[in-house]
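Report on one structure; see the data block that follows.
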Amino acid sequence: MIELKEKVSKIYNVLEDKKAFDIKILYIGDLTTIADYFIIATGNSDTHVKALTDEVEKKLWEEGIFVHHIEGYAAGKWVLMDYGDVIVHIFQQEERNFYNLERLWADAKEILLDNLV
């Protein structure tokens, strides 16, 4: 089992390797009990969003980390992956602009990948 920061880093790197864009890590642990981190990323089509979701699930499964729940996969517009302490949001651009989680969670601290380690 990998540590929380390693999990966040792994998810970020998988998304980056599969060409997700505008990837953000938000630390929300001081604001809520639902999770410690949000990872927000954008894909350019429903196929891309689904491919990103599949790859994150596969790579974490290989590490023995299993997703608790996935929502929105069928439509591929906004997929939410619940890993307990990390929630991954993968959007298409239009949905990301509309829901604007970064604004809703404006009090969250944005973390750069280099600052995780």
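The condition of being of a type in the set (Val, Ile, Thr), at negative phi, assigned to a strand (DSSP E or B) and buried (at least 18 other Cβ atoms within 10 Å of the Cβ) does not hold for residue 53.
Checking each residue of region 76-83 against the condition of being buried (at least 18 other Cβ atoms within 10 Å of the Cβ), in contact with a helix residue (DSSP H, G or I) (Cβ under 9 Å, 6 or more places away or on another chain) and at positive phi gives at least one match.
Condition check ((1) more than 12 Å from residue 26 (Cα to Cα); (2) touching a residue at least 60 places away in the same chain (Cβ under 8 Å)) across all residues:
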{"site": "72", "(1), (2)": "yes, no"}
{"site": "76", "(1), (2)": "yes, no"}
{"site": "89", "(1), (2)": "no, no"}
{"site": "94", "(1), (2)": "yes, no"}
{"site": "98", "(1), (2)": "yes, no"}
{"site": "102", "(1), (2)": "no, yes"}
{"site": "109", "(1), (2)": "no, yes"}
{"site": "112", "(1), (2)": "no, yes"}
{"site": "116", "(1), (2)": "no, yes"}
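If a residue must be assigned to a helix (DSSP H, G or I) and either in contact with a Ser or Thr (Cβ under 6 Å, 6 or more places away or on another chain) or among the β-branched types (Val, Ile, Thr) (or both), how many such residues does region 1-39 contain? Of the residues in that region, 3 qualify.
Residues of region 1-43 that are in contact (Cβ under 8 Å) with a residue 60 or more places away in the chain, of a type in the set (Ser, Thr, Tyr) and within 22 Å of residue 95 (Cβ to Cβ): 12, 37. Here residue 5 fulfils each of the conditions (1) modelled with pLDDT of 95 or more; (2) out of contact with any helix residue (DSSP H, G or I) (no Cβ under 7 Å at 6 or more places or on another chain) apart from (1).
The values are calculated or read from the model by the stated rules, or taken from the named source; none is laboratory data. Because the structure is predicted, anything quoted here is derived from the model rather than measured. Glycine also receives a Cβ, built like all others from the backbone with ideal geometry; neighbour counts cover every protein chain displayed.
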